[in-house]
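Some notes on the structure that comes next.
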Amino acid sequence: MAGLRSDCVVVHYHEIALKGENRPMFVRRLAENLRKATHDLGGVRILTPYGRILIQLEKEVSWPVLRERIRGVFGVANFSPATRTAREPEAMEAFLDSALAERTFESFRIAARRSDKNYPLTSVELNYRLGRYVQDRTRARVDLKNPEVTIHVELLRKEVLVYFEKHAGPGGLPVGVSGHVLSLISGGIDSPVASYLMMKRGCTVGFVHFHGSPYLTKASLEKAEELVQHLTRHQFKSRLYAVAFGEIQRLIVLSAPPPLRVVLYRRFMLRIAEEIARRERARAIVTGENLGQVASQTLENLTAIQAAARLPILRPLIGFDKEEIIDLAKTIGTYPVSIQPDQDCCRLFIPPHPSVAAEIDEVDKAERELNVPDLVKMGLETAQRMEFTFP
Ligand code: ATP
Ligand code: MG
């Protein structure tokens, strides 16, 4: 099925997540995000009749393309290409007549749902009537427990939606309902996954990347750009700040005890990120940090890093196994980019034995040798802003 002949796609969201006063806002945002995800396809309109979301197709569109677009929109629980018919059972039967000509199956069930309780037939009566009709046409048997095909019938106030398939959406909350955060994105495996998870919880995510220029190539930046472009499919536009960090690292290395270098790098990254977060009105910083994965990610070091920040630091991967992160990176499509070789600035001037438990007093002492505001300012002055859009 390359071109989609159904006249609409019905989109369902998880009711539970959207209960209460926020619900209309969530539904509006979800509809708006679906509009953004499909606006370039032409002839696609997003409607929200009777608390539902319908993607109305005014001309034939490529189903694989449309399906991929919908799968990228957080908040969608599942979706189905559907046909709208009039409310009379004869109209549903006329549609089934043509739809059945294109399918063969041995067993089926009808799943009728009434949103309009004034409909003259109960769901059970309608299941029975349409079931008999399908049985007569196809000789297939009714199987309520494990049918090969389920024919869904949604009775609305003015019309009926009939559909055969349900496709899983990505779940989560519509991007934009949970506020704005700033993600520290390296070229590695973890931070793109962390950013993805924040989008899935409804945040819009801005990005900052630190590259080792002028001492390292900008390969890590190219990867970060590619990763941001890939993730933009979920939020439709993104902004990435690229900060040259090599010179700051050199100055840290000149004065600080070698075991503290990694923690100091991180503290400076955070301070610079916080300035950017303030400009961008981001409410939190996001990292791909994970407990115990590498020397810098012990509780002691996370504490020493956090102490340089005022904004909350969100670490959505804190409790994941590396294998779980890799699986997710593969699922969301960032893995192939992340594993390309680069020169991450964090590995610049790394001593053989970095501290696994930096003492905050020692960190403070080391930073007294540095002009902290000047270094932060120096980093900010190199910041380059890049914009990304999708589609
Ligand atoms: P990742 O796979 O995300 O690089 P990692 O397991 O390599 O993570 P670290 O190198 O210790 O872990 O980095 C921890 C976190 O610090 C990263 O997840 C990221 O959020 C941030 N970070 C590290 N390097 C950079 C960088 N060059 N630019 C921006 N953020 C970075
Ligand atoms: Mg890394």
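Here are a few things to note about the model shown:
- Of the residues making up region 299-310, not one is within 19 Å of PRO258 (Cβ to Cβ), of a type in the set (Val, Ile, Thr) and more than 16 Å from ligand 2 (Cβ to nearest atom).
- Among the residues of region 257-266, those that are open to solvent by 10 Å² or more (accessible area, probe 1.4 Å) and more than 23 Å from LYS218 (Cβ to Cβ) comprise PRO257, PRO258, PRO259.
- For the residues GLU280, GLU247, the requirement of being open to solvent by 20 Å² or more (accessible area, probe 1.4 Å) and farther than 25 Å from MET199 by Cβ singles out GLU247.
- Yes/no for PHE207 being farther than 30 Å from LYS36 by Cβ, at pLDDT 95 or above and within 16 Å of ligand 2 (Cβ to nearest atom): no
- Inclusion of ARG261 among residues that are of a type in the set (Lys, Arg) and within 16 Å of ligand 2 (Cβ to nearest atom) is warranted.
- Residue selected from region 364-391 under the condition in contact with a helix residue (DSSP H, G or I) (Cβ under 7 Å, 6 or more places away or on another chain) and open to solvent by 80 Å² or more (accessible area, probe 1.4 Å), by the criterion nearest to ARG267 (Cα to Cα): GLU369
- Among (1) crowded, with 19+ Cβ neighbours inside 10 Å; (2) away from ligand 1 (no atom under 16 Å from the Cβ) - the single one ASP97 does not satisfy: (1)
- Test: PRO341 is loosely packed, with under 14 Cβ neighbours inside 10 Å, more than 11 Å from ligand 1 (Cβ to nearest atom) and of a type outside the set (Ser, Thr, Tyr): yes
- Reported count of residues in region 316-336, each being open to solvent by 20 Å² or more (accessible area, probe 1.4 Å) and either of a type in the set (Ser, Thr, Tyr) or within 14 Å of ligand 2 (Cβ to nearest atom) (or both), is 4.
- The number of residues in region 213-244 that are surrounded by 16 or more Cβ atoms within 10 Å (Cβ to Cβ), of a type in the set (D, E, K, R) and away from ligand 1 (no atom under 13 Å from the Cβ) comes to 3.
- Within region 275-298, tally of residues that are under 25 Å from ARG233 (Cα atoms) and either within 15 Å of ligand 2 (Cβ to nearest atom) or in contact (Cβ under 8 Å) with a residue 40 or more places away in the chain (or both): 12
- The set of residues in region 18-38 being of a type outside the set (D, E, K, R) and at pLDDT 95 or above consists of LEU30, ALA31, ASN33, LEU34, ALA37, THR38.
- At least 3 residues being touching a residue at least 24 places away in the same chain (Cβ under 8 Å) and among the basic types (Lys, Arg) is the threshold, and among the strands (runs of 3 or more DSSP E) wholly inside region 76-194 those reaching it are 107-114.
- Any hit, region 141-148, residues being modelled with pLDDT under 95, basic (Lys, Arg) and within 28 Å of VAL76 (Cβ to Cβ): no
- In region 370-391, the residues that are in a helix (DSSP H, G or I) and in contact (Cβ under 8 Å) with a residue 24 or more places away in the chain: VAL372, LEU375, VAL376, MET378, GLY379, LEU380, THR382
- Annotation note: of ALA284, ALA256, the sole residue that is in the same structural domain as TYR335 (by TED's automatic domain parsing) and touching a strand residue (DSSP E or B) at 6+ places or on another chain (Cβ under 6 Å) is ALA284.
- Residue check, ALA282 part of a loop (DSSP other than H, G, I, E, B) and not polar (S, T, N, Q): yes
- For region 63-78, the set of residues classified as under 10 Å from VAL9 (Cβ atoms) and either open to solvent by 10 Å² or more (accessible area, probe 1.4 Å) or out of contact with any strand residue (DSSP E or B) (no Cβ under 7 Å at 6 or more places or on another chain) (or both) consists of ARG67 only.
- Residues considered: VAL153, VAL134, VAL193, VAL177. Of these, the only one that is more than 17 Å from CYS346 (Cβ to Cβ), buried (at least 20 other Cβ atoms within 10 Å of the Cβ) and within 12 Å of ligand 1 (Cβ to nearest atom) is VAL193.
- Residue within region 345-356 that is part of a strand (DSSP E or B) and in contact with a strand residue (DSSP E or B) (Cβ under 8 Å, 6 or more places away or on another chain) present: no
- Considering region 245-258, and only residues there that are within 15 Å of ligand 1 (Cβ to nearest atom) and in a helix (DSSP H, G or I), the residue that is nearest to LEU375 (Cα to Cα) turns out to be ILE248.
- For region 106-121, taking the residues that are over 12 Å from VAL153 (Cα atoms) and at pLDDT 95 or above, the one that is surrounded by the most Cβ atoms within 10 Å (Cβ to Cβ) is identified as PHE108.
The values are calculated or read from the model by the stated rules, or taken from the named source; none is laboratory data. Quantities reported herein were computed from a predicted structural model and do not represent experimental measurements. Neighbour counts run over all protein chains shown; Cβ positions are idealised from the backbone, glycine included. These area figures cover heavy atoms from the full protein model, side chains too; ligands, DNA and RNA do not enter into them. Shrake-Rupley method; radii C 1.70, N 1.55, O 1.52, S 1.80 Å.
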